[in-house]
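The values are calculated or read from the model by the stated rules, or taken from the named source; none is laboratory data. Model, not experiment: these values are computed from the prediction. Here the Cβ positions follow ideal geometry from the backbone for every residue, glycine too, while neighbour counts run over all protein chains shown. The area values use the complete protein model at the heavy-atom level, side chains included, leaving out ligands, DNA and RNA. Shrake-Rupley method; radii C 1.70, N 1.55, O 1.52, S 1.80 Å.
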Amino acid sequence: GRHRFSTYRNAMSSARARCCAPTSAALRGLLAAAVLCLTEIAKTAPRDNDAWIQAIVKIEVPIVRSVKGYPRHFLERCSATIVSPGPFPLVMSAWHCFEGYDAMASPVTLWTESGAISLKLEASGGSMSEDWALLRSTTEWWPDTWIPASPVRVPLGSRISAAGFSRPPGSNADESTGDTDRILFIDSDCHVTETSSPPLASSCVIHKGASGGAILGRTPSGSLRVYGIISAGDSAHVSYFYPADLLSSLIRP
């Protein structure tokens, strides 16, 4: 999706680069790399039983932009999080993914393994300083899993995870190639670095397309919660997020 991230770096120094970078090695090398990827994902993902991963989803938003004075239609590709159960689940994403949203063109589309789900935009913040959006399924749908949004602010220094869909760093693909090569990236080796006022800051490394994805953390009892909505970052050292607790009065299961 088009958002306030810098361009991709050609490689990452962390395990994500080794897991996702293309390779031309022989089959034995490919198999070894696959084992390494699975091992690293197992170490970094905030695990319960991995079912939570299905609550992080891809969305496509029809938007209109002015190009040389003429309106042109595009698809904004972002991430989102299912934060309530069915039959009409609530989905949380970032406002800037809807800047120029053309509701008359076609509905927002959420992609699942079993197909597409249409969403309607219920409310949004309307600016980068209020970078949040809430959507709801337009038809009955029972997602396999969902993650509750936290009603309390994540403390400074807390360990968190960032999860969202993006293309592999260094990918040569552009927006015209479609959505099929976006994969779920998880950075769970990061912390909250600023909590004074929205947007909050973290040390998570996230990339283009992850906007609207989740900042996840644990409650004192160990339950997984959504503490924020991924908003922006530099793809290297810092990422910003809108705190989910500010939306607690709007979120109803």
Practice task
Could you tell me which of the residues Thr219, Thr193 is among the hydroxyl-bearing types (Ser, Thr, Tyr) and more than 18 Å from Trp52 (Cα to Cα)?
Solution key: Thr193
Exercise for the section: Test Ser93 against the criterion of being touching a Gly at 6+ places or on another chain (Cβ under 7 Å) and either surrounded by 14 or more Cβ atoms within 10 Å (Cβ to Cβ) or in contact (Cβ under 8 Å) with a residue 40 or more places away in the chain (or both), and give yes or no. Expected result: yes
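Considering only the stretch 127-135, I want to know if a residue exists there that is surrounded by fewer than 14 Cβ atoms within 10 Å (Cβ to Cβ) and at pLDDT below 95. Write out each step before concluding.
First, pick out the residues of the stretch 127-135 that are surrounded by fewer than 14 Cβ atoms within 10 Å (Cβ to Cβ): 127, 129.
Those left that are additionally at pLDDT below 95: 127, 129.
Among the residues of the stretch 127-135, at least one is surrounded by fewer than 14 Cβ atoms within 10 Å (Cβ to Cβ) and at pLDDT below 95, which makes the answer yes.
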Practice task
Report yes if some residue within the stretch 17-25 is hydroxyl-bearing (Ser, Thr, Tyr) and either within 25 Å of Leu246 (Cα to Cα) or modelled with pLDDT under 80 (or both); otherwise report no.
Solution key: yes
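Given the criterion at pLDDT 95 or above and either of a type in the set (Lys, Arg) or buried (at least 16 other Cβ atoms within 10 Å of the Cβ) (or both), identify the matching residue among Ile251, Ile229.
Values: Ile251 fails: at pLDDT 95 or above.
Exactly one of Ile251, Ile229 is at pLDDT 95 or above and either of a type in the set (Lys, Arg) or buried (at least 16 other Cβ atoms within 10 Å of the Cβ) (or both), namely Ile229.
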Exercise for the section: Kindly establish whether Arg77 is in contact with a Lys or Arg (Cβ under 8 Å, 6 or more places away or on another chain), at pLDDT below 90 and either under 22 Å from His207 (Cα atoms) or surrounded by fewer than 22 Cβ atoms within 10 Å (Cβ to Cβ) (or both). Expected result: no
Exercise for the section: Report, by residue number, each residue of the stretch 187-205 that is more than 14 Å from Gly233 (Cα to Cα) and among the polar types (S, T, N, Q). Expected result: Ser188, Thr195, Ser196, Ser197
Problem - Selection count, the stretch 96-119, where residues are under 18 Å from the mean Cα position of the chain (by Cα) and exposed (fewer than 14 other Cβ atoms within 10 Å of the Cβ) - result: 2
Exercise for the section: Report yes if Glu122 is open to solvent by 60 Å² or more (accessible area, probe 1.4 Å), modelled with pLDDT under 95 and in contact with a strand residue (DSSP E or B) (Cβ under 7 Å, 6 or more places away or on another chain), otherwise no. Expected result: yes
Exercise for the section: State all residues of the stretch 149-166 that are open to solvent by less than 40 Å² (accessible area, probe 1.4 Å) and closer than 16 Å to Tyr242 by Cα; if no residue qualifies, say none. Expected result: Ala149, Ser150, Val154, Ser158, Ile160, Ser161, Ala162, Ala163, Gly164
